[in-house]
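So the structure is just underneath, and the comments pick up after that.
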Amino acid sequence: MSFPIEQIRQMFPVLHQEVHGKPLIYFDNAATTQKPQSVINSLEGYYLHDNANIHRGAHALADRATRYFEDTRETVQKFLNAKESAEIIFTKGTTESINLVAYTFGRKFIQTGDEIIISTLEHHSNIVPWQMLCEEKGAILKVIPINDAGEIIYEEFEKLLSPKTKLVSVVHASNALGTINPVKKIIYSAHAVGAKVLLDGAQSTSHLEIDVQDLDCDFMALSAHKLYGPTGLGVLYGKREVLEAMPPFQGGGEMIKEVTFEKTTYNEIPFKFEAGTPNIGDVIAFKYAIDFINETSKSAIKEHEEGLLSYANELLGSIKGFIPVGTAKEKVSVLSFNINGMHPFDVGVMLDAKGIAVRTGHHCTQPLMKRLGLEGTVRASFAVYNSKSEIEKLAEGVAQIARIKNK
Ligand code: PMP
């Protein structure tokens, strides 16, 4: 069956507009994806009919809001194939999920002289929290090097592992280059020295089938807004035994069992990590984003996006002056590139004038850019609603821009 691209595009109202007098071509999906009508309807429906605080209310609206909120938790559990819904914690996003682990797991289990391993591919949100922790604890941050294609050098990773390694925190799929890391192997090797593993799933969860039990990761962080869901909402998956061993993150309502001025006891997971009133409306709407992905099917999405990426490589690859950045064998649908003699930002502005939205710059991966000897790249990242004809427009646009400096 062919991919129902027109039907899917109809579900995303934002796509049907012109910018600078040209039909919008949205290729900034690694930054954030657009939202289907079902997600928008859910947000509106919640505030029109169901708005109430959850878990405590003795009235119908509170009951309904609580049920819908917990439905999303179960939907996320199934989406990641977590063992139980208590292992799904709602956060503000990938950034907060990683910081939560740094503050709680990190402060309890990482001591002076211990080592944390990350990779050269990391987003700043999977670098800075560990630097802050290492500074506070006198722990050491080690970095897995990469080759020129943008792949981690596995043998070097193995050399970094030792009984001192307490945590390996790596990106599943790179936002800047698209590289998919060999995470199953990484997790296996890390566990062999007794280290826990956190996967930054911000980019992988919208493109790849995820099974946290099969991967055997201890934590996975993700953001709803990169999965066709609302902004300001994310998930931390953690194995029950690991979450239970961790102290709470923030103190406040909801995360307690009993409070007296002398002593407070804490709630069970996941509530122990969800202090205060959560982002109820957005959590409820997130379910519809996951339903959309499930109904479209992850495998069909993956096949479609792989088709877009290889078509883009084929068309742009033949343009004089086109320089691909990141040529890993295993990639999600991210095409990072430069044009010979041009600054990425200028290329981005010229593409915008043609109605094509891309990202330019360091993509919050400054150490990676430094390793590649680049100031930044132009990044076109593809999603479920992008089409081959849009890729052709991108290639036409890039060819026109490249001709300015590459006659
Ligand atoms: N990690 C990766 C790989 C990302 O792409 C992003 C978002 N660009 C983040 C972490 C941070 O996500 P958020 O801003 O939603 O917290």
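The values are calculated or read from the model by the stated rules, or taken from the named source; none is laboratory data. Computed from a prediction, not measured in an experiment: that's the story for all the values here. Neighbour counts run over all protein chains shown; Cβ positions are idealised from the backbone, glycine included.
Among the residues of the range 230-261, which ones are of a type in the set (S, T, N, Q) and either surrounded by 20 or more Cβ atoms within 10 Å (Cβ to Cβ) or more than 16 Å from the ligand (Cβ to nearest atom) (or both)?
Scanning the range 230-261 gives Q250, T260.
Please determine whether any residue of the range 104-115 is of a type in the set (A, V, I, L, M) and in contact with a strand residue (DSSP E or B) (Cβ under 9 Å, 6 or more places away or on another chain).
Yes, the range 104-115 contains a residue that is of a type in the set (A, V, I, L, M) and in contact with a strand residue (DSSP E or B) (Cβ under 9 Å, 6 or more places away or on another chain).
Name the single residue, out of those in the range 265-280 being β-branched (V, I, T) and farther than 12 Å from E87 by Cα, that is nearest to the chain's Cα centre (by Cα).
Only one residue fits best here, namely I280.
Residues that are in contact (Cβ under 8 Å) with a residue 24 or more places away in the chain, within 19 Å of the chain's Cα centre (by Cα) and away from the ligand (no atom under 16 Å from the Cβ): does the range 119-142 have at least one?
No, the conditions are met nowhere in the range 119-142.
Yes or no: K22 more than 25 Å from the chain's Cα centre (by Cα) and not aromatic (F, W, Y)?
The answer is yes for K22.
Pairs only if they're at least six apart or on different chains, beta carbon under 7 angstrom, first in the range 229-240 and farther than 12 Å from R73 by Cα and modelled with pLDDT under 95, second aromatic (F, W, Y) and surrounded by 24 or more Cβ atoms within 10 Å (Cβ to Cβ); list them, first residue then second.
Going by the 7 Å Cβ cut-off, there are no qualifying pairs.
If you go through the range 226-274, how many residues are out of contact with any helix residue (DSSP H, G or I) (no Cβ under 6 Å at 6 or more places or on another chain), among the small types (G, A, S) and farther than 16 Å from I98 by Cβ?
The qualifying residues number 4.
Residue by residue through the range 142-155, note down the ones that are of a type outside the set (V, I, T) and buried (at least 16 other Cβ atoms within 10 Å of the Cβ).
K142, G150, E151 - these are the residues of the range 142-155 that are of a type outside the set (V, I, T) and buried (at least 16 other Cβ atoms within 10 Å of the Cβ).
Scan the range 74-88 for residues that are in a helix (DSSP H, G or I), in contact with a helix residue (DSSP H, G or I) (Cβ under 6 Å, 6 or more places away or on another chain) and more than 15 Å from K272 (Cα to Cα) and jot them down.
Those that are in a helix (DSSP H, G or I), in contact with a helix residue (DSSP H, G or I) (Cβ under 6 Å, 6 or more places away or on another chain) and more than 15 Å from K272 (Cα to Cα): E74, T75, Q77, F79, L80.
Can you tell me how many residues within the range 77-101 are on the phi > 0 side of the Ramachandran plot and within 16 Å of the ligand (Cβ to nearest atom)?
Selection size over the range 77-101: 1.
Each row is one residue, and each column tells you yes or no for (1) of a type in the set (D, E); (2) part of a loop (DSSP other than H, G, I, E, B).
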{"position": "F337", "(1), (2)": "no, no"}
{"position": "V347", "(1), (2)": "no, no"}
{"position": "L374", "(1), (2)": "no, yes"}
{"position": "S389", "(1), (2)": "no, no"}
{"position": "E392", "(1), (2)": "yes, no"}
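Restricting the search to the range 215-228, which residues are farther than 11 Å from V183 by Cβ and either among the β-branched types (V, I, T) or not in a loop (DSSP other than H, G, I, E, B) (or both)?
Listed by number, the residues that qualify are F219, A221, L222, S223, A224, H225, K226.
Among the residues of the range 91-116, write down those that are part of a helix (DSSP H, G or I) and among the acidic types (D, E).
E96 - this is the single residue of the range 91-116 that is part of a helix (DSSP H, G or I) and among the acidic types (D, E).
Taking the range 23-45 only, how many residues are of a type in the set (A, V, I, L, M) and within 20 Å of G397 (Cβ to Cβ)?
Summing the residues that are of a type in the set (A, V, I, L, M) and within 20 Å of G397 (Cβ to Cβ) in the range 23-45 gives 4.
When residues of the range 27-52 are filtered for being more than 15 Å from Y288 (Cβ to Cβ) and either within 16 Å of the ligand (Cβ to nearest atom) or modelled with pLDDT under 95 (or both), how many remain?
Number of matching residues: 6.
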